[in-house]
Amino acid sequence: MKKWVFAVLIILILGLVVSCDLLDSSRTVQFYASATSGLLLGNYYISSDGVLNSFSNQTSPWSVEIEGKKGDYVILTVGGDPGDLTARIYVNGALFKEKIGTTIIQVAGYLE
């Protein structure tokens, strides 16, 4: 009988921990851009905000951090002087999307 009660308690506790994690939909999003030469320009968007934010004449590297939530659509578009460009989106400190290219690059996706 004691083993059965103990097993049920463990299952209930694990279920509570998992459900609390699933209910936390907040995400910290960092948009990051860099260039090997010159200044950066571009824009970033997160669907829960609904505003297309622009930046221009920014020195490399550039970044901004905002709050989002699971399921948000995010976009980062970066342009700059001739040379290599890097665009990255981090979610809760982990790399989510990255693109390296020249002239104009873009990364996008739905937050998990």
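Residues in region 21-49 that are of a type in the set (A, V, I, L, M, F, W, C) and surrounded by 17 or more Cβ atoms within 10 Å (Cβ to Cβ): V29, F31, A33, A35, L40, L41, I46.
Scanning region 31-51 for residues that are hydroxyl-bearing (S, T, Y) and either at pLDDT below 90 or in contact with a Gly (Cβ under 6 Å, 6 or more places away or on another chain) (or both) gives T36, S37, S48.
Scanning region 59-74 for residues that are surrounded by fewer than 19 Cβ atoms within 10 Å (Cβ to Cβ) and under 12 Å from F31 (Cα atoms) returns P61, W62, S63, V64, E65, I66, E67.
Every residue, every condition in (1) part of a strand (DSSP E or B); (2) of a type in the set (F, W, Y); (3) out of contact with any strand residue (DSSP E or B) (no Cβ under 6 Å at 6 or more places or on another chain), yes or no:
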site	(1), (2), (3)
S34	yes, no, no
S56	yes, no, no
Y90	yes, yes, no
L95	yes, no, yes
I104	yes, no, no
V107	yes, no, no
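Looking at region 75-105 only, could you name the residues that are over 20 Å from S47 (Cα atoms), in contact (Cβ under 8 Å) with a residue 24 or more places away in the chain and either surrounded by 13 or more Cβ atoms within 10 Å (Cβ to Cβ) or not small (G, A, S) (or both)? Scanning region 75-105 gives G79, G80, D81, P82, D84, L85, T86, T103, I104.
The values are calculated or read from the model by the stated rules, or taken from the named source; none is laboratory data. All figures in this text were calculated on a predicted structure; none of them were measured in a lab. All Cβ positions, glycine included, derive from the backbone under ideal geometry; neighbour counts span all protein chains shown.
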